[in-house]
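**Student:** Supplied in structure tokens, the structure appears directly below.
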Amino acid sequence: MSMAEPVVSIENLSIALPIGGDRAHAVEDVSFKVMPGEIVCVVGESGSGKSVAASTLMGLLPHGLKIASGKVIFAGEDLAHASEARLRALRGREVSMIFQEPLSALNPLIRVGDQITELLNAHGAYPGKAGRARILELFGYVGLPEPERLIEAYPFQMSGGQRQRVVIAMALALEPKLILADEPTTALDVTTQAQVLDLLRRIRDERGTAILFVTHDFGVVADIADRVLVMERGRLVEAGTVEDVLQRPQHPYTKKLIAAVPHLDPAALPPPSEEVVLSVEKVGKTFRSGGGWFRKARHVKAVDGANFTVKRGETLGIIGESGSGKSTLGRSILRLIEPDAGRILFAGRDLTSIPRGEFRSERQHLQMVFQDPLSSLNPRKRVMTILMDGPLAHGISRAEAERRAAELIRLVGLEPAALERFPHEFSGGQRQRIGIARALMLEPAVIVADEPVSALDVSVQAQVLELFNDLQRRLRLAMVFITHDLRVAAQLCHSIAVMQRGVIVEYGPTAEIFADPQHAYTRQLFAAVPGRAFDLSRQQHSA
């Protein structure tokens, strides 16, 4: 294959949706090429068809979807009409895929080394001892520490970043010409994400591998893309170099997506009152596991001596990498996890001194918004019932609970008819609005929100952040907002607590920390923010 020839060429591809869908095609009349040594990013919101288009190259279309027309030309062969046996022979050897969630892509019951060995054996490559040597070589290349030890590890014994590196090593095992990366950094914190992006760039530069990278994160696009394809409702609406698309977007949809990217300039927020609603004093939580006659027990200090206050009308952002202890701290405030040290004062009362059986009456004042609304909303109940369950359990009359539900569903931007529907009938952003409405049903003074926008598209994320800001202005809540996204924290939080390995290493007003971070770890987080060098905030203002 000469350098002038594309690795893959998609020609007028259309993929039909089952009858009764919201449109006729998941992908409609889409054409593009990927050249050797090129990273092409496909961006768009959920439902835009970007993952479906990528899956077609591997012959991995979701059940019920089929190619209606068009070609998928790879090395002169049309894969749109290739047999399953032929596609199986190509997968791994010629075309590999990096999935969004490595924990679901890896078999939890098989050691990671054996899983890569299985791939090598399926293609008759690197037999015997050569296979182990190849895996160790790959683990070293992708930057996994102690390859000799990790080759024997199970997926659950590794961090999220390490698992993603294993998946990348597996994708590289047979030197494919094309790698499909489907949202491979969405679930990672900023520093791990930056490391994975650096690794993919190195693979492109050193091996000349073509990479088709599916994402909804324009910061990632700015950092890694050579060219960008923008998809909306199955159609390719804009394509060009990363500079052209991000600096000079032409299509209204592209402009809307870029404008929705939160920027790093802290927002001007209404000042909180002087009334302290929540005070966390030297709170700690240690997890203990293992131990026995021949094994030493393992102690992990997930939270170590946390101190902060939250005033009425204030949003405190807790930021840090995965494993920093921020979610454990958030859940400890609500005693969903029992802290084993320190005090949590609400309205002057120490919540940790209340017997667990008597804590229920206090919980109505402190509510939580979870990261994944689909798993936190009962799929068998209508929205009205979901919203009313809490108030009814706390002795509020049915008539008053119905009134609050009707009022709050409008407050979060949904129509009253939504009360009669089930959670699966809503989009991700709408479900998160329902989760926020449920948290407000008991008129709490404190809300803890644990990564509530991390899984949302940029435009939906912008809407939910604006909703949080609007609720804060109206209701003057005290909020603890847990996130790994510094852009989100800049737009929502009055103050910031930075956590590293269970310890709050920096704490203060958002504007001060963003202007002049003092701790080395905080500076490391800022340096890892995707798209920072591209100045997306400037682009969105000029769009």
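Each reported figure results from applying straightforward, stated rules to the coordinates on display, with no laboratory input. Please read these numbers as outputs of a predicted model, since none were measured by experiment. In this analysis, Cβ positions are derived from the backbone assuming ideal geometry, glycine residues included, and neighbour counts consider all displayed protein chains.
**Student:** In what sequence, highest mean first, do 163-170, 108-115, 321-328, 349-356 appear when ranked by Cβ atoms within 10 angstrom? List each step's numbers first, then the result.
**Tutor:** Numbers: 163-170: 25.5, 108-115: 15.8, 321-328: 22.6, 349-356: 12.8.
In decreasing order of mean packing, 163-170, 108-115, 321-328, 349-356 become 163-170, 321-328, 108-115, 349-356.
**Student:** Another question about this same structure. Determine the calculated [θ] at 222 nm for the chain from helices alone, applying -39500 (n - 2.57) to every DSSP H run no shorter than 4 residues and normalising by the residue count; nearest 500 deg cm²/dmol.
**Tutor:** Details: 22 runs with 200 residues, N = 543.
Helix contribution divided over all residues of the chain: -10500 deg cm²/dmol.
**Student:** Each residue of the range 106-111 in order: what ³J(HN,Hα) in whole Hz does its phi give by Karplus 6.51 cos²θ - 1.76 cosθ + 1.60, θ = phi - 60°, with x for Gly and Pro?
**Tutor:** Rounded to whole hertz, the list is 9, 6, x, 9, 10, 4.
**Student:** Is there a pair in K285/K326; K50/K381; K282/K311 whose C-alpha atoms are over 20 Å apart, and which pairs would that be?
**Tutor:** Details: K285/K326 11 Å; K50/K381 32 Å; K282/K311 18 Å.
Where the Cα-Cα span goes over 20 Å, the pairs concerned are K50/K381.
**Student:** Once amide H atoms are placed 1.01 Å from N in the peptide plane, what residues at a sequence separation of 5 or more from Q371, or on another chain, have their amide H within under 5 Å of its amide H?
**Tutor:** Close amide H contacts, sequence-distant or interchain: D450.
**Student:** For M441, what charge total do you get from the other residues with a beta carbon under 9 Å from its beta carbon, if Lys and Arg give +1 and Asp and Glu give -1?
**Tutor:** Details: positive: R404, R438; negative: D389, E443.
Local net charge: 0.
**Student:** Another question about this same structure. How large is ³J(HN,Hα) for each residue in the range 338-348, as worked out from phi by the Karplus curve 6.51 cos²θ - 1.76 cosθ + 1.60 (θ = phi - 60°), to whole Hz, x for Gly and Pro?
**Tutor:** 7, x, 10, 7, x, 10, 10, 9, 10, 6, x
**Student:** Taking K and R as +1 and D and E as -1, what net charge do the other residues with C-beta under 10 Å from the C-beta of Q100 add up to?
**Tutor:** Working: positive: none; negative: E101, D182, E183.
In short, -3.
**Student:** What percent antiparallel are the DSSP beta bridges of the chain, to the nearest 5?
**Tutor:** 55
**Student:** Whole-Å semi-axes of the chain's equivalent ellipsoid, largest first, each the root of 5 times a Cα gyration tensor eigenvalue? It would help to have the intermediate numbers written out before the result.
**Tutor:** On the way: eigenvalues 343, 166, 107 Å².
Equivalent-ellipsoid dimensions as semi-axes: 41, 29, 23 Å.
**Student:** Now for a separate question. Quick query: amide H of S69 versus all other amide H atoms, modeled in the peptide plane; which residues come in under 5 Å with a sequence gap of 5 or more or a different chain?
**Tutor:** Here the answer is S14, since their amide H atoms fall under 5 Å of that of S69.
**Student:** Okay, moving on. Give the long-range amide H neighbours of L278: residues separated by 5 or more places, or on another chain, with amide H under 5 Å away, using H modelled in the peptide plane at 1.01 Å from N.
**Tutor:** V310
**Student:** Based on the mean of other Cβ atoms within 10 Å per residue, sort peptides 75-82, 86-93, 24-31 so the most packed one is first. Let's see the in-between values first.
**Tutor:** On the way: 75-82: 14.5, 86-93: 16.9, 24-31: 20.2.
Packing proxy ranking, top to bottom: 24-31, 86-93, 75-82.
**Student:** Something else: From the Cα gyration tensor of the range 103-175, with a ≥ b ≥ c the square roots of its eigenvalues, which class applies: rounded if a/c is under 1.5, or else prolate if a/b is larger than b/c, or else oblate?
**Tutor:** On the way: a/c = 1.62, a/b = 1.37, b/c = 1.18.
Prolate, because a/c is 1.5 or more and a/b exceeds b/c.
**Student:** While we're on this one: For all pairs of alpha-carbon atoms in the range 65-211, what percent lies in each bin of width 5 Å, listed from the first bin to the last filled one?
**Tutor:** 2, 9, 18, 21, 21, 14, 9, 5, 1, 0
**Student:** Excluding E338 itself, calculate the net charge of residues whose Cβ lies under 11 Å from the Cβ of E338, where each Lys or Arg counts +1 and each Asp or Glu counts -1. Could the numbers behind the result be given before it?
**Tutor:** Numbers: positive: K285, R331, R335, R356; negative: D340.
Spelling it out: positives minus negatives among the neighbours equals +3.
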